[in-house]
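Right, one structure below, let's go through it.
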Amino acid sequence: MSWIGLFGGLSLIIFVSFDVEVMLEQRSAEEGWRGEWLEIAEHVVLPLIVLMMPMFIAGRWVIRTSLAPLGIAAAHIDAAAGTDRGFRLNVDDLPVETQHFAHAINNLLRRLDDAAGQREAFAANAAHELRTPLAILMAELDRLESPDAARLKKDVAAMNRLVGQIMMIAQVEAHVAAPIARDRVSLEQAVMDVINRYAPIAAAQGKHIELRVESRPVVRGIRETIVAAVSNLVDNGLRVTPVGGNVVVTVGPAAQIGVHDGGCGLSPTELAILSQRFARGDHASASGAGLGLAIVARVMEIHRGELATNPHRQEIRLSFPELDDMDQ
């Protein structure tokens, strides 16, 4: 618009200069070219300057006002998490000229969500189909008494664990994608469910699980995914804890869950690496599938919480937003 205004103004000055030259031919002969340009400056240039300044200010205001919804949409996009499902632009608030472009972006996001959902459904279905033959294979191995049976059973157990974690990831993502309401979840009750499940397993391994309740926080979230996150931390803790050791699960203070085990602890850098899917540490057991901490990290991401480690205390802690903050 600035270039158009400048071009139009110069064109007008040139046109008027020829017109003034014809009208003031006799006067120009007497006063010369200075008189001609003085006339142009007084009757053309000065009015143009007076007119163009408010037009420039008004044009700038109009452009800023009309494009303001694009800035709001950009801030909305920046605030969205990279793994959020169902994210779409609000087309109705955008200028009419940009709505077609916004519709194209929403269609692309929809196709990406569909493709991700299809991949997850395939993984979940494949994992589900593998569980039955693995269970049959484990039962057949129990009947064998050869020295190789124990090694094979260990390998099958690792495969069964991997299949279970793939199904768990699919369930977590399904909870995220589905438009379900977040419930009030008692962290103490969620932890109790996990301990009741893993206590017999720990006893069979010669280990012990202890619960310490410092507070009874309630958060808003998806209970099944929180139980899945704590289950993975307890399972990892049991695998790295030696026989006779304890895994201590702490609820509180505030909306926090801590899992202390008998391992060597993880640094923040190691935790960030192991939170990626299929990443395994050097100290991980052979039965580890490399998905446990990835599941925990994903659960904390969808709850807007934090996954942190304290290597000196051999503890991993889950910190959830306070209930009052999440309700706002």
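The values are calculated or read from the model by the stated rules, or taken from the named source; none is laboratory data. What you are looking at is a predicted structure, and each value in this text was computed from that prediction instead of being measured. Because the Cβ atoms are built from the backbone with ideal geometry, glycine has one as well, and the counts that use them run over all protein chains shown. Heads up: the accessible areas ignore ligands, DNA and RNA and are worked out on the full protein's heavy atoms, side chains in. Shrake-Rupley method; radii C 1.70, N 1.55, O 1.52, S 1.80 Å.
The residue that is farthest from Glu322 (Cα to Cα), counting only those in region 180-197 that are assigned to a helix (DSSP H, G or I) and in contact with a strand residue (DSSP E or B) (Cβ under 6 Å, 6 or more places away or on another chain), is Ile195. Of everything in region 142-161 that is open to solvent by 60 Å² or more (accessible area, probe 1.4 Å) and within 26 Å of Gly117 (Cα to Cα), the residue that is modelled with the highest pLDDT is Met159. Hey, any hits in region 163-171 for a residue that's modelled with pLDDT of 75 or more and either open to solvent by less than 60 Å² (accessible area, probe 1.4 Å) or of a type in the set (Ser, Thr, Tyr) (or both)? Within region 163-171, none of the residues are modelled with pLDDT of 75 or more and either open to solvent by less than 60 Å² (accessible area, probe 1.4 Å) or of a type in the set (Ser, Thr, Tyr) (or both). The single residue among Ile105, Ile63, Ile57 that is open to solvent by 90 Å² or more (accessible area, probe 1.4 Å) and modelled with pLDDT of 75 or more turns out to be Ile57.
Got at least one residue in region 219-232 being open to solvent by 70 Å² or more (accessible area, probe 1.4 Å), part of a helix (DSSP H, G or I), among the basic types (Lys, Arg) and in contact with a strand residue (DSSP E or B) (Cβ under 8 Å, 6 or more places away or on another chain)?
Just the residues of region 219-232 that are open to solvent by 70 Å² or more (accessible area, probe 1.4 Å), to begin with: 223-224.
If we keep only those that are part of a helix (DSSP H, G or I) as well, we get 223-224.
Within this subset, residues satisfying the condition of being among the basic types (Lys, Arg) are 223.
Those still in the list that are in contact with a strand residue (DSSP E or B) (Cβ under 8 Å, 6 or more places away or on another chain) too: 223.
Yes, region 219-232 has at least one match.
Mind checking which residues of region 256-266 are surrounded by 21 or more Cβ atoms within 10 Å (Cβ to Cβ) and under 15 Å from Leu307 (Cα atoms)? Within region 256-266, Ile257, Gly258, Val259, His260, Leu266 meet the criteria. For region 84-102, a residue qualifies if it is open to solvent by 70 Å² or more (accessible area, probe 1.4 Å) and assigned to a helix (DSSP H, G or I), and the qualifying residues are Asp92, Asp93, Val96, Glu97, His100, Phe101.
Report the residue count in region 153-169 for those that are among the β-branched types (Val, Ile, Thr) and under 15 Å from Asp142 (Cα atoms).
Of all residues in region 153-169, those among the β-branched types (Val, Ile, Thr) come to 156, 163, 166, 169.
This time we only want the ones that are under 15 Å from Asp142 (Cα atoms), so: 156.
Looking only at that region, the number is 1.
The set of residues in region 234-250 being in a helix (DSSP H, G or I), of a type outside the set (Lys, Arg) and either open to solvent by 10 Å² or more (accessible area, probe 1.4 Å) or modelled with pLDDT under 85 (or both) consists of Asp235, Asn236, Val240. Quick one: would you say Ala121 is open to solvent by less than 70 Å² (accessible area, probe 1.4 Å) and either at pLDDT 75 or above or not in a helix (DSSP H, G or I) (or both)? Against the criterion (open to solvent by less than 70 Å² (accessible area, probe 1.4 Å) and either at pLDDT 75 or above or not in a helix (DSSP H, G or I) (or both)), Ala121 does not qualify.
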